[in-house]
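Below is one structure, written out as structure tokens; the observations come after it.
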Amino acid sequence: MKCATIAIIGRPSAGKSTLLNTICEMKVSITASTPQTTRNAIRGIYTDPRGQLIFTDTPGYHLSDKTMNKRLQDTAIRSLEECDVVLYIIDAKRSAGEEEKAITDLLAKIKTPIVSCINKSDILTNGEHEEAKAFLAEQLPTSPVITASAKLDEGVDDILIELFKLAPEGELLYPADAYTDQPVEFRVSEIIREKAINLVTEEIPHAIYVTVEEIEYKEETNTIWVRAAIIVERDSQKGIVVGKGGANIKKIRERSTPEIRDIFPGKKLQLDLRVKAQDKWRNNSIVLDKILR
Ligand SMILES: Nc1nc2c(ncn2[C@@H]2O[C@H](COP(=O)(O)OP(=O)(O)OP(=O)(O)O)[C@@H](O)[C@H]2O)c(=O)[nH]1
Ligand SMILES: [Mg+2]
């Protein structure tokens, strides 16, 4: 039996979280077209007769001096240090610039085995594919390279084959049916954040965090009450998240409800959402300590 911890690393929007969800056949980690969606080291667990792979999805590796971005980068680097195998995802739709090179420089220095994945094969041109292959051959010549589409589940089995080849022998660390170890409050807040950031643009997705204030079960009505707040940085952003006549907040509630309900099978759900502003929270270490854990 094999058992390995795998850190998924790559630039923002490379498709790391999408791949994790495809592998686990579950929404383990939220995704969005805007970069820097993932903010925590998120565990997703895959088990089959070969053994168990315990993945850690990480925040996209982004070069920046901003407080929050540095913390996100630290989370990614820490996950690298703690894993048996690194799964490096490269989005070949974008040319490998300074940021991609910073990642491969980091990976070239560590002794942990690496599997590289050229993602988004469904939309790549031949030229883009060749460019990515050449980049990987030069930067990480000994790592196997798989081309895949995380979105369409193509090439994903080949990634698992390579990962199991490199996985050490070991007993399962989680029950065979486990797919994540995230606390319920965190999963609920992430679902709401995903729905919110997918409705807004530009800087606003980055200015949002969600805090779950209360989850209460009322036995007499078999209902779970969730009270959560969507926090933005400025009053003007509050209006955008709420939308005209409350249209956006209604969509966020409608889209979040079925996914949150899945966490509490057989129970009714009441979701109470508010939108609040908290000035410059991205520089506030108390908030960052709370949400970046
Ligand atoms: N066409 C296509 N799009 C993909 C694929 N994988 C991911 N995407 C899209 O790329 C965008 C980013 O995906 P995520 O999975 O959130 O990327 P990520 O690497 O986790 O991003 P961060 O958390 O910001 O670092 C989303 O719009 C996905 O739907 C793929 O294989 N093909
Ligand atoms: Mg992500």
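The rows are residues; the columns are (1) part of a helix (DSSP H, G or I); (2) out of contact with any strand residue (DSSP E or B) (no Cβ under 7 Å at 6 or more places or on another chain).
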{"site": "Val188", "(1), (2)": "yes, no"}
{"site": "Thr211", "(1), (2)": "no, no"}
{"site": "Arg227", "(1), (2)": "no, no"}
{"site": "Ser236", "(1), (2)": "yes, yes"}
{"site": "Lys250", "(1), (2)": "yes, yes"}
{"site": "Pro258", "(1), (2)": "yes, yes"}
{"site": "Asp272", "(1), (2)": "no, no"}
{"site": "Asp289", "(1), (2)": "yes, yes"}
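State whether the residues of region 93-103 include one that is buried (at least 19 other Cβ atoms within 10 Å of the Cβ), within 13 Å of the chain's Cα centre (by Cα) and not in a strand (DSSP E or B).
no
Test of understanding: among Ile191, Ile263, Ile204, Ile215, which residue is surrounded by fewer than 17 Cβ atoms within 10 Å (Cβ to Cβ) and within 19 Å of the chain's Cα centre (by Cα)? Let's see the steps before the verdict.
Values: Ile191 fails: surrounded by fewer than 17 Cβ atoms within 10 Å (Cβ to Cβ); Ile204 fails: surrounded by fewer than 17 Cβ atoms within 10 Å (Cβ to Cβ); Ile215 fails: within 19 Å of the chain's Cα centre (by Cα).
One residue alone meets the criteria, Ile263.
If you scan region 233-252, which residues turn out to be within 19 Å of Thr211 (Cα to Cα), of a type outside the set (A, V, I, L, M) and either in contact (Cβ under 8 Å) with a residue 40 or more places away in the chain or not assigned by TED's automatic domain parsing to the domain that holds Ile208 (or both)?
Restricting attention to region 233-252, the residues satisfying the condition of being within 19 Å of Thr211 (Cα to Cα) are 233-235, 237-242, 248-252.
Restricting the remaining residues to those that are of a type outside the set (A, V, I, L, M) gives 233-235, 237-239, 248, 250-251.
Those that are within 19 Å of Thr211 (Cα to Cα), of a type outside the set (A, V, I, L, M) and either in contact (Cβ under 8 Å) with a residue 40 or more places away in the chain or not assigned by TED's automatic domain parsing to the domain that holds Ile208 (or both): Glu233, Arg234, Asp235, Gln237, Asn248, Lys251.
Within region 11-70, restricting attention to residues that are within 22 Å of Ser189 (Cβ to Cβ) and in a strand (DSSP E or B), which residue is farthest from the chain's Cα centre (by Cα)?
Result: Ile45.
Please determine whether any residue of region 154-177 is closer than 21 Å to Ser13 by Cα and over 19 Å from the mean Cα position of the chain (by Cα).
yes
Does any residue of region 146-160 turn out to be in contact (Cβ under 8 Å) with a residue 12 or more places away in the chain, crowded, with 22+ Cβ neighbours inside 10 Å and out of contact with any strand residue (DSSP E or B) (no Cβ under 7 Å at 6 or more places or on another chain)?
no
Tell me which residues, restricted to region 45-67, are crowded, with 24+ Cβ neighbours inside 10 Å, away from ligand 2 (no atom under 16 Å from the Cβ) and under 21 Å from Thr104 (Cβ atoms).
none
Out of all the residues in region 110-132, is one or more closer than 30 Å to Glu171 by Cα, part of a loop (DSSP other than H, G, I, E, B), within 16 Å of ligand 2 (Cβ to nearest atom) and hydroxyl-bearing (Ser, Thr, Tyr)?
Looking for residues that are closer than 30 Å to Glu171 by Cα, part of a loop (DSSP other than H, G, I, E, B), within 16 Å of ligand 2 (Cβ to nearest atom) and hydroxyl-bearing (Ser, Thr, Tyr), one finds none in region 110-132, hence no.
To keep it simple, each residue is scored yes or no on (1) more than 14 Å from ligand 1 (Cβ to nearest atom); (2) closer than 18 Å to Ser13 by Cα; (3) of a type in the set (Lys, Arg).
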position: Thr47; (1), (2), (3): yes, no, no
position: Gly51; (1), (2), (3): yes, no, no
position: Ser64; (1), (2), (3): no, yes, no
position: Asp74; (1), (2), (3): yes, yes, no
position: Leu80; (1), (2), (3): yes, no, no
position: Val86; (1), (2), (3): yes, yes, no
position: Arg94; (1), (2), (3): no, yes, yes
position: Thr104; (1), (2), (3): yes, yes, no
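The values are calculated or read from the model by the stated rules, or taken from the named source; none is laboratory data. What you see is a predicted model; the values in this text were computed from it and never measured. Positions of Cβ are backbone-derived with ideal geometry, glycine not excepted, and every protein chain shown enters the neighbour counts.
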